[in-house]
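Right, one structure below, let's go through it.
The values are calculated or read from the model by the stated rules, or taken from the named source; none is laboratory data. Everything quoted here is computed from the prediction, not taken from an experiment. With ideal geometry, Cβ positions are generated from the backbone for all residues, glycine too; neighbour counts draw on all protein chains shown. The accessibility values were calculated without ligands, DNA or RNA, using every heavy atom of the protein model including side chains. Shrake-Rupley method; radii C 1.70, N 1.55, O 1.52, S 1.80 Å.
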Amino acid sequence: MPIRLIVHGGAWSIPDEMDTAHLQGVQKALEEVYPALQSGISALEAVERAVNILEEDPTFDAGRGAFLNDQGEIELDAIIMDGRDLSFGAVAAVQNLLHPVSLAREIMTKTDHSMLVGKGAQAFAQFIGMEELDPRALLTDRELAYYHQIKEDPHFKSHHPFEPFPSDTVGAVAMDGKENIAAATSTGGTPRKMAGRVGDSPIVGAGAYADNETGAVSTTGWGESIMKVLLAKTVCDRMERTSALEAAKFGIQVLREKGKGYGGLIGINAQGDYAFAYNTEKMAWGWVDEKGTIQRRIR
Ligand code: ASP
């Protein structure tokens, strides 16, 4: 069975001058994690590691580099899901953590629950000794400037970023040598979102889904529309009936027609075929092909 790894760094009208940073970020995640996957780490471990690398990269709206909410603060959401038994962990509205996806995995493995939000998630992070950062450690000059630019704009709506502007959520999907698949997604959400707003990314079936029998998917885009159509689960279900690529395209069609939304997705079906699709101008993504060569795309 093939070993597979695919990652994304958001779907939107990525300005041309930011193409290189996006492609480099995607490349780094693939370069560092694929060899480990070949050496035998699980798909679950692989998607966590890949997302960790993207969370650290200030290019993306996840971990360091996340958008600010309407209070000028960063609140992060993430999910990780294991296709072996459908177990997942998710966090929403957590602050001062570089790796919310790792907290999501700890919730999945160390508690009786699947999702923790806000104060409770924060308390659990402290309990397990996860390092809390000064909020400034996640803040970039780029996002502070953008916050000030849009803060008082009476015409701004949180879905505007996807029509033509920013959305840099990150995600990864992997298949390991035991034919297990997993998916993970991590985000700072949408710019100037209301404090406490939770998007699609940490919602199971919307921001990610993984089932060894069908496939695994990580999504990005306008969360309010992605949740309406449970985009990740919609695509995984479709993978049972069509090719992986057709299932991805179907998902984006449903997002557009029923959800009136914008976004993109990556995935792998149970046979190990890659899936991707988007209806934004660009999506940053990359995968390792059958020959073990890294492929990266921004369009
Ligand atoms: N889906 C994310 C959200 O709405 C944003 C993104 O993908 O960039 O929170």
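Here the condition is being acidic (Asp, Glu), within 15 Å of the ligand (Cβ to nearest atom), open to solvent by 10 Å² or more (accessible area, probe 1.4 Å) and farther than 19 Å from TYR209 by Cβ; of ASP57, ASP61, ASP19, it holds for ASP57 alone.
If you check ALA174, ALA137, ALA121 for being under 30 Å from SER13 (Cβ atoms), crowded, with 19+ Cβ neighbours inside 10 Å and in contact (Cβ under 8 Å) with a residue 24 or more places away in the chain, only one passes: ALA174.
Tell me, yes or no, whether the range 214-234 has at least one residue that is open to solvent by 20 Å² or more (accessible area, probe 1.4 Å), within 11 Å of the ligand (Cβ to nearest atom), aliphatic (A, V, I, L, M) and part of a loop (DSSP other than H, G, I, E, B). No, the conditions are met nowhere in the range 214-234. Total residues in the range 1-16 satisfying the condition of being within 16 Å of the ligand (Cβ to nearest atom) and open to solvent by 20 Å² or more (accessible area, probe 1.4 Å): the figure is 1. Filtered by the rule that a residue be of a type in the set (Ser, Thr, Tyr) and over 30 Å from ILE3 (Cα atoms), the range 179-205 gives a lone residue, THR190. The residues of the range 165-211 that are more than 9 Å from the ligand (Cβ to nearest atom), touching a helix residue (DSSP H, G or I) at 6+ places or on another chain (Cβ under 7 Å) and in a loop (DSSP other than H, G, I, E, B), listed by number, are ASP176, ASN180, PRO191, ARG192, ILE203, GLY205. Does the range 28-51 include one or more residues that are under 14 Å from the mean Cα position of the chain (by Cα), open to solvent by less than 10 Å² (accessible area, probe 1.4 Å) and of a type in the set (D, E, K, R)? Among the residues of the range 28-51, not one is under 14 Å from the mean Cα position of the chain (by Cα), open to solvent by less than 10 Å² (accessible area, probe 1.4 Å) and of a type in the set (D, E, K, R), which makes the answer no. Only a single criterion out of (1) of a type in the set (Gly, Ala, Ser); (2) in contact with a Lys or Arg (Cβ under 8 Å, 6 or more places away or on another chain); (3) in a loop (DSSP other than H, G, I, E, B); (4) at pLDDT 95 or above is not satisfied by GLY251, namely (3).
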